[in-house]
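Only the coordinates and a few stated rules stand behind these numbers; no lab work does. Everything quoted here is computed from the prediction, not taken from an experiment. Glycine gets a Cβ as well: all are built from the backbone with ideal geometry, and neighbour counts include every protein chain shown.
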Amino acid sequence: MADETPERETQETRENEEALEQARAAAHDAAQALQAVEAEAARELPAEDVEAAVPVPAAAPPAAAPAPEEEGGRPNRRKVREGIVVSDAMTSTVVVAVVERVRHPKYGKTVQRTKKLYVHDAEDSAKVGDRVRVQETRPLSKLKRWRLTEVVERAR
């Protein structure tokens, strides 16, 4: 029993050395193949185009290009909502109720959630009951974060 252990260790050592030698040979072959491909690519392209053809990893990823339909604008569009004017008592401000229909996560029933938005109306054109379209904007006051873009339908 004691004689078998050194024989196993020497056999395992030999197997490990053989595997290591095979791995070195494979790495050497891969390096030669890579050099051959690079040399062939250099022969096909002029010297100034080689750098353009071989991708070089950059330090930082390039910024995303704007979408074709928004070349002049920003990539993120501002939110647009439609709602009913519920109050116009303030100067250049109206309160718009926006109704959102969502499905209940557990029961699946459709429920309505109403959100009141304070909207900037510079011309005081919107009146109570009007259906209006509003767009998100920078903070204009403590509560105003929206501006009136158009009056979709006048109240009757």
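Given the criteria β-branched (Val, Ile, Thr) and under 29 Å from the mean Cα position of the chain (by Cα), does Thr137 qualify? Judged against the criteria, Thr137 is a match. Residue check: is Lys106 over 16 Å from Ala155 (Cα atoms), touching a residue at least 24 places away in the same chain (Cβ under 8 Å) and either surrounded by fewer than 15 Cβ atoms within 10 Å (Cβ to Cβ) or of a type in the set (Asp, Glu) (or both)? Against the criterion (over 16 Å from Ala155 (Cα atoms), touching a residue at least 24 places away in the same chain (Cβ under 8 Å) and either surrounded by fewer than 15 Cβ atoms within 10 Å (Cβ to Cβ) or of a type in the set (Asp, Glu) (or both)), Lys106 does not qualify. Here is the figure for the stretch 108-134: residues that are under 10 Å from Val94 (Cα atoms) and under 28 Å from the mean Cα position of the chain (by Cα) total 1.
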